[in-house]
Structures are given as structure tokens and as C-alpha cells.
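All remarks here apply to the structure that follows.
The values are calculated or read from the model by the stated rules, or taken from the named source; none is laboratory data. Bear in mind that the values here come from a model prediction, so they are computed numbers and not experimental data. Positions of Cβ are generated from backbone atoms using ideal geometry, with glycine treated the same way; all protein chains shown enter the neighbour counts.
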């Protein structure tokens, strides 16, 4: 029931995922049963015949679970989680926490999803906060940027936690061996940055990750795995969220400029191939003992399908176990 | 003597400014006299005949002042200003402070320029820090973003100072009447943001500027003066510096993507017309009682020329006096 386009887009995205991702055994739709069932039936009836799996084959892989309450986008996170225990957010996460579902995906209230994920899935030992890991497309390889909005005022220790979480994520989900982790700052030198960043720099030099030092704004889009570039960029959630939303607004502006200059539609599409944000679909909330994927409130069906794909990959690669093991290892690098 | 390309680029930029900007009466080059004179003579000798003013006419508008010391890009700002009183930075700013020059432009060590500007030009009453105002090109009107790196850990009161400085700058230099000022945050609601931003939001509602509330990363490039867009974006220097450098790296990436897609060079150039950062050239250090223009260390001659143009416009519009008057006005809006 969450998100700006619910229940249409989440249901359409679920149908796309079932059609395209064979490894997705089944999907449980959580929400107001009557509303969800009506929308699902309408969409199944509208499926074109003869393309992909039949409507009835898809229907067999869908269950519906009742959740009469809805957390609105404007609700205060913690209060909403406590006050609406029968919301699709809380009921859905409980299904995952109990093992009835292997992962949870939502386009609803981000703050509420974070709060409910921490309460119901719990944090790994040693963590004080979860982080939202986003993937920035570049002309080369995509780069993981975290935190992208879960935590606004961060301590140095929390930045270090993000570095460890991001490192495992880049290795498991993006397949980067020994990923290079950069600390976002305003100069390469360790003494550049705000107070938390300067302190984090010292701590990061002591832990067992491939720490590449400070990176600046201009280094982010260099593209992971290229020379001198990093796979993971660590920052607080205020900076990360501003950057993410800023970057998301760039293609639209460039589109307008290219169109005005007279670039053909075909070349326009070719330029931005692989650059669509909905290719990435969902951002995992890292640090909780479960797979909780955060999608944009305005997610299209394709974005929802890709978010389900991100969830699938997290389950298949046992991302949560890896993170747990990594966090249990001694943090300090051998001298 | 400052910057990565000194003394070639600053001298070439000065010659361009003298040739193209008639209102620039004369330019004083500050540095190691022998080095500066040799480079200047070489550039004057290499000028193509018959185009623009003659070499001797240009030479008549140039003075050279000796400054034997050089502040390196790696020097610590405050120590450098104290320890190198005969550097081109300090000597040049003293010329401005004494009235022998109407403005100061440098591509040298930014931190040292800030520190020396505060010491030699002094801050306006009521200010605790200066701010670097940068101009972000957009598909519509450029937007002023400040602070872009002068202050990393900012209080709410300092963000309010930036808002007042940016408002006067947008009005005087960009010619926007009653410019709309947005506070950069991670949500539109006043209660979204980090601690300093939330407090600043409350303070900004009480002062005499056209405060448009919080803006998000995605709103910055909407382009000033368009519907719902702001002319000025206020943020701390950490966020502003990261955003500025990130944004500066975008055109290069898009160029590569467009080239790869097969877009013709001519259309490429047409797309990014007016989007070149060197069009803006220099960022004024706002809040000091003088015109101190900060240029990129890697500034091209064209960027230096445009920085001199920014200085000229600040002098012609009496920007510093306006800011002083504005800051003296009662800050609180009448109820």
C-alpha cells in the first residue's frame, strides 16, 4: 500500500518480476485485501495473451496477506510504526522476520521502513544504525554511495560502519573483489573535511577494508574499478541524500539541453542507455538482519521489478550472513 | 604566482581582460618581478598583430608589484598568511585593502586567500565567517550556491548569514529582483534535515529575505526564476564543496557518453553552450569588506578573464556596500 503509485505500480512490478525472474518462487502482496485483489485481478485480466507466463500461472505464485492500516508518506516514522501495527509495512516486515518471506520490498515511507526494519529485523551486533546503500550509474562501472539518507548527523564511528557495510555490499552484490572504499571529503588530504570525516579517516586507516583515502565530489563518477577510482563512497546521510537527488535530476536537464540542441531522440536514448535509475530499482537498508529494500515513492513497475531483483540477489548471495560474519571479524587490521 | 598554471594563465587572462573589458582601467600583476616581467614580455611579443589593442597599449595598462614569496597549494592557510607576508597573496590583498586596487583575483591557495582576506579586508559587522558563492549553470537560469567550501562545520546562525549574503549577491550580480532563497535539506518539511539545518529553517522564517523554505538536491538545477525554483541555495561548505566538484565532473562524463553514442561534435558543443564553468570564472568571497575573487587552481586564461569580469561587476554594482547596508538593517522581518 506504500508509495505514490500504490497499489498499481507495486502489483504491476510484482507481476513483471514473476514473469521475468524465475528464481522468484512467489510474491506475497501485503495490504488491504479487497483493494489488492481487485487491482491484481484487473491487471491479470489485462495481460496480453500468448506473451510470457499465463495469468493463471502468475496467480499461482501470488499470495495476499491482509493489512488494513496504511502508513502515509507524511506520517512520522517511529510513531507510525508503533501506532499502525497492522500496516502493510509492519505486517510485511513481520512476514520476513518470521521467515515466511525471504525479503521485503516497499516503495512506502522510507523513515517508517527503516524504523520498522530496525525494530523487527534487528541490527547486527556492533552497529548503532542502518545505512541506505544506493548505486550511482557512471560512464564506467556503477559506484555504491552510502549512507543515502538514513542518518543525518553521523559520528565518525558510524561512517566507519558504513564503510564496512558498503565494502561487503560492493563485493557481494556488485561482484567487486576487494572493493576500494573512499571517504567523501573536500580534499584528498586526511586533515581536510568536517570534524566527523577527519576522525573517520584515522579510524578507517586501522580497519580491515581496502581504504582508498579521501575522495572529492569530482571523483565519485570516475566509475568503480577504473584506475584511481573507488567502488564505494562513504558519507553521512545528509550529504548522500542531497547528492543522490541532485544526480537523479541531472539526466532530465541534459535531456532538455540535448533536445534543444537538436540531438535526435534515438541518439538521446543511446546516450543514456544503462543510465536509467529504475535499472537499479531499490536501495537495500544495510545493517539489519534481513533484506529490506527501499524503493522510491514514485517507483514505476520496472523499478519495482528491479528492486525485487536486488532483493533476490541479496538472498542468493547470502548478503546478510556475509555482513554479519564480516562485522564479527576483528575490525583492526594486523600490524 | 598562485594556482597550478601560474604565471602563464593569470598573465594571459589579465591580457584577455584588458583587451575585452574596457572598463578595466589597469591590472597590477603581483609576484616575482623578474618571472612576471619575462612571461608578460613573452606573451606580449607573441600577440598576433592587427587584432585588438596593440601590445604597447596593453602594456601601458599593466603595473607589476614585487612579491618574492609564494604560498604553495599545500601550505596551511593561516600559517602561510602569517609566515609569508611578502607573498603575492598577502601583498596583492594589501594593495586592495589600501585602495591601490579596487579588487583582488587569485587562482592560488583558497584557504590562504580566505584567511588573508578576513585579516586584511575584515568581515562586515555581524558576520563570523565569509562564504564562497558559486554559480551553478542550469538549463534555465544559473543558481547561486553557497557556501562552497569556506566553512565545513556550520552553525544555524552561519547558514542564516550565508542566506543574507547570497540574497544580495543574486540581486546585485545576477540581477534577480527579490531573489528566492532555499535552504538545502533532505525533505521539504521544516523538520527534515540535520540539526543545524532544522534550526536555520526557523531562523530564516524570521528574517527579511524571500525565504522559499527547504529545497532538496533535485530542486537545485530547476533553474532560478522558473516557477517553484530558487535563485539561491544555502548549505554548509562541506555539502556545497562536494556538490560543486561533483557537478563540475558531470559534463565530462556526459560528453564521453554522448561521444560513445555517436553524437556529432557540433551538436555536443551546442548542447553545452553556456554551460562551461570557465564562463563563471571566479567565485567571490562574500562577507569581507572588499572584492576577493577565488578562481580554480587550474583556471584557464579565459576563466581568469571571466573572474576579472566578476570582480569588475562587483565593483561596478558596489556589491560590498550593498552587503554592508543590508547587514546593518534590522534582520527581523516586521510582524
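Out of A:164, A:218, report the one residue that is at pLDDT 90 or above and surrounded by 24 or more Cβ atoms within 10 Å (Cβ to Cβ).
A:164
Against the definition (over 22 Å from residue B:220 (Cα atoms), within 14 Å of chain A (Cβ to nearest Cβ) and modelled with pLDDT under 95), how does residue B:134 come out, yes or no?
Answer is no for this residue.
Which of (1) farther than 24 Å from residue B:12 by Cβ; (2) under 19 Å from the mean Cα position of the chain (by Cα); (3) within 14 Å of chain A (Cβ to nearest Cβ) is the odd one out, the single condition residue B:115 does not satisfy?
Residue B:115 satisfies all of (1) farther than 24 Å from residue B:12 by Cβ; (2) under 19 Å from the mean Cα position of the chain (by Cα); (3) within 14 Å of chain A (Cβ to nearest Cβ) except (3).
Looking at (1) assigned to a helix (DSSP H, G or I); (2) under 23 Å from residue A:152 (Cβ atoms); (3) at the interface with chain B (Cβ under 7 Å from one of its Cβ atoms); (4) in contact with a strand residue (DSSP E or B) (Cβ under 8 Å, 6 or more places away or on another chain), find the lone condition where residue A:193 falls short.
With respect to (1) assigned to a helix (DSSP H, G or I); (2) under 23 Å from residue A:152 (Cβ atoms); (3) at the interface with chain B (Cβ under 7 Å from one of its Cβ atoms); (4) in contact with a strand residue (DSSP E or B) (Cβ under 8 Å, 6 or more places away or on another chain), residue A:193 is out only on (1).
Restricting to strands (runs of 3 or more DSSP E) lying wholly in the range B:220-322: which have 1 or more residues that are within 12 Å of chain A (Cβ to nearest Cβ), closer than 24 Å to residue A:246 by Cα and touching a strand residue (DSSP E or B) at 6+ places or on another chain (Cβ under 6 Å)?
Those strands (runs of 3 or more DSSP E) span B:232-234.
Those residues that are part of a loop (DSSP other than H, G, I, E, B) and free of Cβ contacts under 8 Å to residues at least 24 places away in the same chain, I need them from the range A:196-219; list them, please.
A:205, the sole residue that qualifies.
Residue check, residue B:205 against (1) within 9 Å of chain A (Cβ to nearest Cβ); (2) in contact with a strand residue (DSSP E or B) (Cβ under 9 Å, 6 or more places away or on another chain); (3) surrounded by fewer than 22 Cβ atoms within 10 Å (Cβ to Cβ), all met but one. Which one?
Failing condition for residue B:205: (1).
Yes/no matrix, rows are residues, columns are (1) in contact (Cβ under 8 Å) with a residue 24 or more places away in the chain; (2) part of a loop (DSSP other than H, G, I, E, B); (3) touching a helix residue (DSSP H, G or I) at 6+ places or on another chain (Cβ under 6 Å):
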{"site": "A:78", "(1), (2), (3)": "yes, no, yes"}
{"site": "A:100", "(1), (2), (3)": "yes, yes, no"}
{"site": "A:120", "(1), (2), (3)": "yes, no, yes"}
{"site": "A:126", "(1), (2), (3)": "yes, yes, yes"}
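Looking for something assigned to a strand (DSSP E or B), at pLDDT 95 or above and not assigned by TED's automatic domain parsing to the domain that holds residue A:209 - is there at least one such residue anywhere in the range A:137-148?
Among the residues of the range A:137-148, not one is assigned to a strand (DSSP E or B), at pLDDT 95 or above and not assigned by TED's automatic domain parsing to the domain that holds residue A:209, which makes the answer no.
Residues in the range A:251-296 that are farther than 30 Å from residue A:93 by Cβ and touching a residue at least 24 places away in the same chain (Cβ under 8 Å): how many?
Matching residues across the range A:251-296 total 3.
Please find, within the range A:167-190, the residue that is modelled with the highest pLDDT out of those that are within 14 Å of residue A:319 (Cα to Cα) and assigned to a loop (DSSP other than H, G, I, E, B).
A:176
If you go through the range B:149-165, how many residues are assigned to a loop (DSSP other than H, G, I, E, B) and within 26 Å of residue B:328 (Cβ to Cβ)?
Here the count works out to 4.
Of the residues that sit in the range B:221-251 and are touching a helix residue (DSSP H, G or I) at 6+ places or on another chain (Cβ under 7 Å) and under 21 Å from residue A:258 (Cβ atoms), which one is modelled with the highest pLDDT?
B:246
If I ask for residues that are within 24 Å of the chain's Cα centre (by Cα) and within 11 Å of another protein chain (Cβ to nearest Cβ), which ones from the range A:167-190 would you list?
Of everything in the range A:167-190, those that are within 24 Å of the chain's Cα centre (by Cα) and within 11 Å of another protein chain (Cβ to nearest Cβ) turn out to be A:184, A:185.
Yes or no: the range B:102-111 includes at least one residue that is touching a helix residue (DSSP H, G or I) at 6+ places or on another chain (Cβ under 8 Å), farther than 20 Å from residue B:153 by Cβ and free of Cβ contacts under 8 Å to residues at least 40 places away in the same chain.
no
Hey, does the range A:256-275 have a residue that's surrounded by fewer than 19 Cβ atoms within 10 Å (Cβ to Cβ) and within 24 Å of residue A:26 (Cβ to Cβ)?
Looking for residues that are surrounded by fewer than 19 Cβ atoms within 10 Å (Cβ to Cβ) and within 24 Å of residue A:26 (Cβ to Cβ), one finds none in the range A:256-275, hence no.
Go over the candidates A:180, A:200 one by one and state the one that is under 19 Å from residue A:131 (Cβ atoms) and surrounded by fewer than 23 Cβ atoms within 10 Å (Cβ to Cβ).
After ruling out the rest, the residue left standing is A:180.
Yes or no: residue A:142 closer than 20 Å to residue A:207 by Cβ and surrounded by fewer than 24 Cβ atoms within 10 Å (Cβ to Cβ)?
No; evaluated as a whole, the condition is false for this residue.
Take the conditions under 21 Å from residue B:309 (Cβ atoms) and part of a loop (DSSP other than H, G, I, E, B) and apply them to residue B:43. Does it pass?
When the stated conditions are applied, residue B:43 does not pass them.
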